[in-house]
Amino acid sequence: MPKLVVGSFNNKKLVELHDLLGDLGIELVNLSGYPSIKEVDETGTTFVENANLKASQYAKQVNEYVLAEDSGLVVPILNGEPGVFSARYAGTHGDDQANNRKLLERLGDTPDPQREAYYVCVASLAAPNGEIVATTEGRCWGRIVREPRGTGGFGYDPLFEVIEFHKTFGELSLRVKQALSHRARAIVKLRPILVRVFSQSNA
Ligand code: IMP
């Protein structure tokens, strides 16, 4: 079976990707199986730069096709914050509660129509020599509510309301999130490219 390495150490992401690509007949593994790998710093100033950087650098290290992604939340009324700094908005990487508090503070009593926001995910596929084969983007629009609701998901999900459902990603099931999410939309766009690349590399 051909192998695709997911450029992440996150097992939750691997599970999500299995759900989206599991039927392609490609073995999906993440970086946990490569103990000597050097972690790539996200030094880019855009989601595209960071996704390409991770895909390319990890591909060269493992000498396999690598799928990497970079994602975050964009709030237009805050000039795009938290953007590429989503994971470390309040200073500490991955402190979701502090990030959420900062987002609510920055929005203050901004009226609902201006609290629109979107999640974005850029997925990038690199060949074993580090060359970028394809880069795709998915977005999911919603609105930032005034206090956290629900315990599902992660990151900004308890504050991110999908307007059509009147519910936050913290309140919606993983099934629904998987159908609507920025990550799913970016990966779905990459599917035909993966099919082509792996049928060629098998030929
Ligand atoms: P990364 O792409 O794993 O570095 O994630 C970037 C950050 O964006 C996460 O730590 C979250 O703060 C935020 N983020 C990205 N996708 C989601 C999502 O689906 N739900 C909630 N927060 C997200």
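All of the numbers you see were taken from the coordinates with simple rules; none came from a lab. For clarity, every value in this text was computed on a predicted model and none was experimentally measured.
Binning the alpha carbon pair distances of the chain at 5 angstrom intervals from zero yields the distribution 1, 8, 15, 19, 19, 15, 11, 7, 4, 1, 0, 0, expressed in whole percent.
Seen against the Cα atoms of the chain and their longest principal axis, helix 182-202 is set at about 0 degrees. What's the angle, to the nearest 10 degrees (0 to 90), between helix 47-62's Cα axis and the longest principal axis of the chain? Its long axis makes an angle of about 30 degrees.
Quick one: angle between helix 11-21 and the longest Cα principal axis of the chain, in degrees between 0 and 90, rounded to 10, please. In the chain, helix 11-21 runs at an angle near 70 degrees to the longest axis. Starting from a Cα-only point model with no solvent, please compute log10 I(q)/I(0) by Debye for segment 53-151 at q = 0.19 1/Å. For the requested q values the scattering log ratios are -0.90. Between residue 151 and residue 101, the contour length at 0.36 nm per residue exceeds the Cα-Cα span by 16.4 nm.
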